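Contents: one structure, followed by commentary.
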Amino acid sequence: MGLERENFDESGPLHLTTIDWTNVNHRRSVAASLVQSVYILERDRQEKREGSQALAPPWWKFFDFQLYRQLIDDTDSSIFGAIYQLICTASDNNPSTQQAPRYVIALRGTITKGDAFSRDLELDIHFIRNGLHGTSRFEIAIQAVRHVVATFGNCGVWLAGHSLGSAMAMLAGKNMAKSGVFLEAFLFNPPFFSAPVERIKNKKVKHGIRIAGSVITAGLALAMKHKNTNNRSEDSFVSLSCWLPCLFVNPADHICSEYIGYFEHRKKMEEIGIGGIERLATQHSMGGLLLNAMGKESDEPLHLIPSANLTVNHTPSQDFKDAHGIHQWWRLDLNLESKVHFYK
């Protein structure tokens, strides 16, 4: 991340001089900027930039937020998240402020520079192994979310994250939703760990592979259901169906692009009359079912979510770094396609 990208006056959404909180583009841009500010908080720490030399504050002060609390990793003391509080003034009579967040819990992704990289890489591996929920960093994050909700209520509380941070925000959001607390979530480039089916160019081949995968997964799920009458997985999945996180993905980013096919496939299975198979298959992963069949415990993969507001950025990307970067999400010239996917 170059110095110019850390400087708000050079890279920030300066066009947002007035925020309309009813405008989805404004909401997305502010959430992305607050996540970016966490990256820069950590870079400020690494570079020992303090006071007037710090580059992070403009990224939240521009939108009338103040830093409520930093989230510090207990292993390497890196800053991986922050809680921001919106500063409301008595003279502010803008009707859109009724939809403004009071608090935003923002979580950054992996930083490839500095002394935080080794710890971030360790967390990335935990995600791949579906063990993010067992890490101390996630425990710090979920406790912060619970603190904000318990202290200030869940109305007007946002979750926001990018890459690894969006995985943690999604996991926190799922945990809260299972307890009946549905938080608004802005998940930028959320990782989806699976075979890269979405990168197959031939649509018929791609669709055929997905159908075969659904049939096998559903069959395994039925077999395990008869073997074990515990339906915690199904109950857990259904309990999440009312939570509608906002997912922002780029088709050129293989880390998150599978979400496009994940939701499109569910729709196509309904259209060809075998939606029941997919409704069962989408609650499980083949790997998890095989582990259960061997008598081993397996938690549900993070990417299994019933409902979502999926936004795809079809704007051409220069390279993978551009397609996966947080900066794309506050640009003015975006070619975006948004669809709401509800689990029935």
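Observations, loosely collected:
- Count - residues of segment 229-252 that are modelled with pLDDT of 75 or more and either out of contact with any strand residue (DSSP E or B) (no Cβ under 6 Å at 6 or more places or on another chain) or of a type in the set (A, V, I, L, M) (or both): 12
- Selection from segment 328-344 of residues that are open to solvent by 70 Å² or more (accessible area, probe 1.4 Å), in contact (Cβ under 8 Å) with a residue 40 or more places away in the chain and not in a loop (DSSP other than H, G, I, E, B): 338, 339, 340
- Residues in segment 132-161 that are exposed (fewer than 13 other Cβ atoms within 10 Å of the Cβ), at pLDDT below 95 and assigned to a helix (DSSP H, G or I): 134 alone.
- Filter result (more than 22 Å from residue 41 (Cβ to Cβ) and in contact with a helix residue (DSSP H, G or I) (Cβ under 7 Å, 6 or more places away or on another chain)) within segment 96-126: 126
- Residues located in segment 176-193, provided they are surrounded by fewer than 18 Cβ atoms within 10 Å (Cβ to Cβ) and either at positive phi or modelled with pLDDT of 95 or more (or both): 180, 181, 182
- Residue count for segment 15-47, restricted to those that are open to solvent by 60 Å² or more (accessible area, probe 1.4 Å) and part of a loop (DSSP other than H, G, I, E, B): 4.
- In segment 93-130, the residues that are open to solvent by 20 Å² or more (accessible area, probe 1.4 Å) and under 25 Å from residue 183 (Cβ atoms): 94, 95, 97, 98, 99, 102, 110, 124, 126, 127, 130
- Residue check: residue 122 meets all listed conditions (1) in contact with a Leu (Cβ under 8 Å, 6 or more places away or on another chain); (2) more than 26 Å from residue 329 (Cα to Cα) but one, namely (1).
- Any chance residue 317 is modelled with pLDDT of 65 or more and over 30 Å from residue 4 (Cβ atoms): no
- Of all residues in segment 48-63, those satisfying the criterion of being free of Cβ contacts under 8 Å to residues at least 24 places away in the same chain, out of contact with any Lys or Arg (no Cβ under 9 Å at 6 or more places or on another chain) and either surrounded by 15 or more Cβ atoms within 10 Å (Cβ to Cβ) or of a type outside the set (Ser, Thr, Tyr) (or both) are 48, 50, 51, 53, 54, 57, 61.
- Residues located in segment 1-14, provided they are over 16 Å from residue 63 (Cβ atoms) and either open to solvent by less than 60 Å² (accessible area, probe 1.4 Å) or free of Cβ contacts under 8 Å to residues at least 60 places away in the same chain (or both): 1, 2, 3, 4, 6, 7, 10
- Inter-residue pairs, beta-carbon under 7 Å, first closer than 16 Å to residue 167 by Cα and in segment 103-115, second part of a loop (DSSP other than H, G, I, E, B) and open to solvent by 10 Å² or more (accessible area, probe 1.4 Å), 6+ apart: 109/163; 110/163
- Selection count, segment 235-266, where residues are among the hydroxyl-bearing types (Ser, Thr, Tyr) and touching an Asp or Glu at 6+ places or on another chain (Cβ under 6 Å): 1
- Selected residue (criterion: modelled with the lowest pLDDT) from residues of segment 292-314 that are among the hydrophobic types (A, V, I, L, M, F, W, C) and within 16 Å of the chain's Cα centre (by Cα): 302
The values are calculated or read from the model by the stated rules, or taken from the named source; none is laboratory data. On a predicted model such as this, the values are computed, not experimentally measured, just so you know. In this analysis, Cβ positions are derived from the backbone assuming ideal geometry, glycine residues included, and neighbour counts consider all displayed protein chains. Ligands, DNA and RNA are stripped out before the accessible areas are found, and what is left, the full protein with its side chains, is counted by its heavy atoms. Shrake-Rupley method; radii C 1.70, N 1.55, O 1.52, S 1.80 Å.
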